[in-house]
1. Looking at segment 111-120 only, could you name the residues that are more than 17 Å from residue 82 (Cα to Cα) and at pLDDT 95 or above?
2. Considering only residues of segment 109-135 that are assigned to a loop (DSSP other than H, G, I, E, B) and in contact (Cβ under 8 Å) with a residue 40 or more places away in the chain, which is surrounded by the most Cβ atoms within 10 Å (Cβ to Cβ)?
3. I need the full set of residues from segment 6-22 which are more than 23 Å from residue 41 (Cβ to Cβ) and either touching a residue at least 12 places away in the same chain (Cβ under 8 Å) or in contact with a Pro (Cβ under 6 Å, 6 or more places away or on another chain) (or both), in order please.
4. Of everything in segment 35-81, what is within 21 Å of residue 153 (Cβ to Cβ) and either open to solvent by 60 Å² or more (accessible area, probe 1.4 Å) or among the hydroxyl-bearing types (Ser, Thr, Tyr) (or both)? Give them in sequence order.
5. Looking at segment 150-185 only, could you name the residues that are part of a helix (DSSP H, G or I), touching a helix residue (DSSP H, G or I) at 6+ places or on another chain (Cβ under 8 Å) and open to solvent by 50 Å² or more (accessible area, probe 1.4 Å)?
6. List the helices (runs of 4 or more DSSP H) inside segment 1-75, counting only whole elements, that have at least 3 residues being modelled with pLDDT of 95 or more and among the β-branched types (Val, Ile, Thr).
Amino acid sequence: MTAPLSARWHDLLTRCGATADPEPYARDLLTRWAEPQRRYHTTAHLEAVLDRIDELAAHADHPDAVRLAAWFHDAVYRPERSENEERSAALACRALREAGLPEPLVHEVDRLVRLTVTHHPAPGDRNGEVLCDADLAVLGGPPAAYDAYAAAVRDEYSFVPPDAFREGRAAVLRQLLALPSLYRTPEAHARYDARARANMHRELATLEG
């Protein structure tokens, strides 16, 4: 059984060399991930991404840097704003420096969080590949799970009129489908790619229908 999120955070921050008590950071992050405007980007999403990182960890050059980035990648989330990743990265830098983590690790977490804007890591960016694959694994779930994910995303954007949402969501799906490779690690590609593409094409047909 997977340890509770707070315990996973404590273990991770301690393992990474923190000189501060992990508990206040755990409380702050878990409070952020439980904010009321979230429907998909919740603690359940965080836990799922961390679980997928654990499964893909052998591919990463620094698995714990990827795990730290997962904790922060949607820590700041306001659906109506476009700078969420930038603000999440800034939060990561402030918190991890305050916690006493080494500066090279802080820089790497900052880079990885910002990478989730595009989900398009450069060739050979093994840390980025693991984070992006873990974040996008939801796309390759069973159809019912994918539909629940898509409905939750729609709920987060309930303030957007239906026509505008359909246009914007369709653009996101086309962008993802146009990526040279949706998943970069061999394990994630084998496990998720075919089903993710089928799910997205099905949703796109509904949006455009």
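The values are calculated or read from the model by the stated rules, or taken from the named source; none is laboratory data. None of the values given here were measured: they were computed from a predicted structure. So basically every Cβ, Gly included, is an ideal-geometry build from the backbone, and we count neighbours across all protein chains shown. Ligands, DNA and RNA are stripped out before the accessible areas are found, and what is left, the full protein with its side chains, is counted by its heavy atoms. Shrake-Rupley method; radii C 1.70, N 1.55, O 1.52, S 1.80 Å.
1. 111, 112
2. Taking segment 109-135 and keeping what is assigned to a loop (DSSP other than H, G, I, E, B), we get 116-125.
Adding the requirement that they be in contact (Cβ under 8 Å) with a residue 40 or more places away in the chain leaves 116, 119-121.
Details: 116: 21, 119: 18, 120: 15, 121: 18.
Going through the qualifying residues, I end up with 116.
3. Correct list: 15, 16, 17, 18, 19, 20.
4. Across segment 35-81, the qualifying residues are 36, 39, 40, 42, 43, 44, 47, 77, 78, 80, 81.
5. So the first thing to find is which residues in segment 150-185 are part of a helix (DSSP H, G or I), and the list is 150-156, 162-177.
Restricting the remaining residues to those that are touching a helix residue (DSSP H, G or I) at 6+ places or on another chain (Cβ under 8 Å) gives 150, 153-154, 165-166, 169-170, 173-174, 176-177.
Once the filter is applied, which keeps residues that are part of a helix (DSSP H, G or I), touching a helix residue (DSSP H, G or I) at 6+ places or on another chain (Cβ under 8 Å) and open to solvent by 50 Å² or more (accessible area, probe 1.4 Å), segment 150-185 yields 154, 166, 174.
6. So the answer is 43-56.
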